[in-house]
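Chemist: Here it is: the structure, laid out below.
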Amino acid sequence: IDEVIGNRKPVTQPEEWSMNPGWTRYDPEDGQKPVPVSFPLERCFAFDVEVCVQDGQHPVMAAALSDRAWYTWTSPHLVNLTKPDSSAKVEDLIPLGGSGHSGNERLVIGHNICYDRARVSDEYDLQSNSTRFADTMAMHVIANGMTSGQRMLKVKANKAAQAYDEDLEEVCDG
């Protein structure tokens, strides 16, 4: 790992988060000094999106963490207290800077990244998109089989099947 990230200090998490619309990058040294940016500057970062599902499927906030800085993205609708149209518009989605920007090959890492990816504007650009996504939930399933939620459903289904078999035996024997 030292070969990849060198001997850098860990990135300091901000104590206060910006509520300005769009992307904000926080000074890597102290986690403060928010600076507006168009998208995360690094080529590899962890990414997560938050959605207020009661109001629809539009992204409300997002966070990204690279080996160099923390980032937050805030929807203009959240800042301005407006409601987005029911139909999705590219302006309401999150830019990651991978589409149409030559040399911006990116690796975006997230848990259940398919959900977050649907809220990224670059994904709807017809130009060649050089962003790749790694899904930690899929990696967990590969390494460990089912997720904990899937495991609970399987146990529940097995118990229901066992109860059904017992009821069937009782009916057949009776």
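Chemist: Given the condition surrounded by fewer than 19 Cβ atoms within 10 Å (Cβ to Cβ) and touching a helix residue (DSSP H, G or I) at 6+ places or on another chain (Cβ under 8 Å), answer yes or no: does some residue in region 25-46 qualify?
Modeler: Checking region 25-46: not a single residue is surrounded by fewer than 19 Cβ atoms within 10 Å (Cβ to Cβ) and touching a helix residue (DSSP H, G or I) at 6+ places or on another chain (Cβ under 8 Å).
Chemist: Name, by its number, the condition in (1) open to solvent by less than 80 Å² (accessible area, probe 1.4 Å); (2) assigned to a helix (DSSP H, G or I); (3) closer than 25 Å to Val51 by Cβ that does not hold for Glu91.
Modeler: Of everything listed in (1) open to solvent by less than 80 Å² (accessible area, probe 1.4 Å); (2) assigned to a helix (DSSP H, G or I); (3) closer than 25 Å to Val51 by Cβ, Glu91 misses just condition (1).
Chemist: Touching a residue at least 60 places away in the same chain (Cβ under 8 Å) and among the aliphatic types (A, V, I, L, M), is that true of Val90?
Modeler: no
Condition check ((1) under 24 Å from Ala138 (Cβ atoms); (2) of a type outside the set (Asp, Glu); (3) without any contact (Cβ under 8 Å) to a residue 24 or more places away in the chain) across all residues:
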residue: Val60; (1), (2), (3): no, yes, yes
residue: Trp73; (1), (2), (3): yes, yes, no
residue: Leu81; (1), (2), (3): no, yes, yes
residue: Pro95; (1), (2), (3): no, yes, no
residue: Arg106; (1), (2), (3): yes, yes, no
residue: Asn112; (1), (2), (3): yes, yes, no
residue: Tyr115; (1), (2), (3): yes, yes, no
residue: Arg119; (1), (2), (3): yes, yes, no
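Chemist: Right, next: Given the criteria open to solvent by 80 Å² or more (accessible area, probe 1.4 Å), hydrophobic (A, V, I, L, M, F, W, C) and at positive phi, does Leu81 qualify?
Modeler: yes
Chemist: I would also like to ask the following. Scan the helices (runs of 4 or more DSSP H) fully inside region 98-174 and keep the ones with 2 or more residues being surrounded by fewer than 17 Cβ atoms within 10 Å (Cβ to Cβ) and in contact with a Cys (Cβ under 7 Å, 6 or more places away or on another chain).
Modeler: In region 98-174, no matching helices (runs of 4 or more DSSP H) lie anywhere.
The values are calculated or read from the model by the stated rules, or taken from the named source; none is laboratory data. Here the structure is a predicted model, which is why all the values come from computation and not from measurement. FYI the Cβ positions are ideal-geometry reconstructions off the backbone, even for glycines, and counts take in every protein chain you see. For accessibility, only protein heavy atoms count, side chains too; no ligands or nucleic acids. Shrake-Rupley method; radii C 1.70, N 1.55, O 1.52, S 1.80 Å.
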